[in-house]
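Participant: Here you go, one structure.
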Amino acid sequence: PYLRVANIKDDRIDFSDVKWMDFDEQEFAHYALRPNDILLSEGQSPEKLGQSAIFRGHSEPLCFQSTLHRFRADPNVTTPEFAQIVFRSHVKSGLFRRIGSITTNIGHLTLEKFRAAPFPLPPLAEQHRIVAEVDRRLSIVRGVAAEVDANLKRAEALRRAVLAKAFGA
């Protein structure tokens, strides 16, 4: 089984549609994923170019397709969580789109261009603080989004109730 661009969503991996391909031993050794590898899309719609997710493991060994880049963090230099924040920031800010190339509405982020992208490297202790703060703030955002969704559903139910009452249905 292997992952491809379609499996990589913004900060998550969709395992619902994993494809299969034969890998010989050498290919398997090269493309096999390890927990904490980050997969980034090489070819994608321009606004999603470089979209990434951390691979946390799977019930069976998985490989990745060559249309994805793999980033494996050196634990002496950075953490996967901090690197993921950097990569998501590059997508959201449009940096990957600007440094990639666009052909017929498909963006390409070559390995050379990916390697040339800026990557801030504060000390590991500071990286951990940044990750904790980003996690804290994203948790708040998720809570607000859930509350907005619940209120929208409530408003739609009220709208239907008002229309039913007004028109005697």
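The values are calculated or read from the model by the stated rules, or taken from the named source; none is laboratory data. All values derive from a computational prediction rather than experimental measurement. Here the Cβ positions follow ideal geometry from the backbone for every residue, glycine too, while neighbour counts run over all protein chains shown. Note: areas computed on protein heavy atoms with side chains; ligands, DNA, RNA excluded. Shrake-Rupley method; radii C 1.70, N 1.55, O 1.52, S 1.80 Å.
Participant: For the chain, what does the relative contact order come out to in percent, with C-alpha contacts under 8 Å and a separation of six or more?
Facilitator: 21 percent
Participant: Which whole-angstrom value gives the distance between the alpha carbon centres of region 95-169 and region 2-80?
Facilitator: Cα centres, region 95-169 to region 2-80: 20 Å.
Participant: Using only the alpha-carbon atoms, how far is helix 80-93 inclined from the longest principal axis of the chain? Give it as 0 to 90 degrees, nearest 10.
Facilitator: 60 degrees
Participant: Karplus couplings for region 107-120 from phi (6.51 cos²θ - 1.76 cosθ + 1.60, θ = phi - 60°), rounded to Hz, Gly and Pro as x?
Facilitator: x, 10, 10, 5, 4, 4, 5, 4, 5, 7, 5, x, 9, x
Participant: How large is the accessible surface per residue of region 47-143, computed with a 1.4 Å probe and reported in Å² as a whole number?
Facilitator: Here the per-residue accessible area is 58 Å².
Participant: About the Cα centre of region 16-169, what is the dipole size in debye to 20, counting +1 per Lys and Arg Cβ and -1 per Asp and Glu Cβ, all else neutral?
Facilitator: 1000 debye
Participant: With angles folded into 0 to 90 degrees, how steeply does helix 124-167 sit against the dominant principal axis of the chain? Use alpha carbons for both and round to 10.
Facilitator: 30 degrees
Participant: Moving to a separate point now. Longest span of the chain, sites excluded, free of trypsin sites (Lys or Arg not before Pro) in DSSP loop with at most 15 other C-beta atoms within 10 Å?
Facilitator: Longest run free of exposed loop sites: 73-169.
Participant: Scan around residue 3 for amide H atoms under 5 Å from its own, H built in the peptide plane at 1.01 Å from N, and keep only partners 5 or more places away or cross-chain.
Facilitator: Those lying under 5 Å, H to H, from residue 3 are 63, 64, 65.
Participant: Tell me which aspartates and glutamates have Cα within less than 19 Å of residue 92's Cα, excluding those fewer than 8 residues away on the same chain?
Facilitator: 10, 11, 42, 47, 81, 133, 135
Participant: Now for a separate question. Using only alpha carbons, build the gyration tensor for region 1-56 and give me the equivalent ellipsoid semi-axes, biggest first, whole Å.
Facilitator: Each semi-axis is the square root of five times an eigenvalue, giving 20, 12, 11 Å.
Participant: Sticking with this one: Run down the lysines and flag those whose C-alpha is under 19 Å from the C-alpha of residue 165, throwing out any fewer than 8 positions away in its chain.
Facilitator: Hits, sequence-local ones excluded: 153.
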